[in-house]
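Here, each number is a calculation from the coordinates, and none is a lab measurement. Here the structure is a predicted model, which is why all the values come from computation and not from measurement. Cβ coordinates were reconstructed from backbone atoms using ideal geometry, including for glycine residues, and neighbour counts include every protein chain displayed.
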């Protein structure tokens, strides 16, 4: 015959039956959401870094002594195309005046969130090189 203590222990175990499955059902979606959020953050960081590097390169080329806005745009497009793993839809715009050259790069980044279509825009400006003296 079972003692009163063994009976209480058995009923406590029966009441907790399935609690691990319930805990996993609650924790796993939160853990996966956190994982996806981290992946999306990494994709956005990569897109921002690529767009900024391309804009800076385009502005540097356009600001050269013999540079043009179209040369800066071409340089930015080349750098963005070479470094766009997971990025698509590159749009580059640039201008050059007598004193300043600027380039703006807009990239469409991949998304792990369904229905979200993120774009990253970065700009860079530099003074135009002039010979003085």
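If the label point is 7 Å along Cα→Cβ of residue 36, which residues in the range 91-133 have backbone nitrogen under 14 Å from it?
From the range 91-133, the list is 111-117.
Got a sec? Which residues in the range 88-131 would a label at residue 68 touch, if it sits 7 Å along Cα→Cβ and we count backbone N under 19 Å?
Residues passing the 19 Å test: 92-104, 128-130.
Which three extents, in angstrom, do the Cα atoms of the range 60-118 have along their principal axes, listed largest first?
On the principal axes, the range 60-118 reaches 46, 19, 12 Å in Cα extent.
Take residue 78 and residue 99, extend 7 Å from each Cα along the Cα→Cβ direction, and tell me the distance between the two endpoints in nm.
Simple spin-label model gives 3.0 nm for this pair.
Would you kindly state how much longer the chain becomes between residue 112 and residue 45 on full extension, computed as 0.36 nm times their sequence separation minus their alpha carbon distance, in nm to one decimal? Show your work: numbers first, answer last.
On the way: separation 67, 0.36 × 67 = 24.12 nm, distance 1.40 nm.
Working it through step by step, the gained length comes to 22.7 nm.
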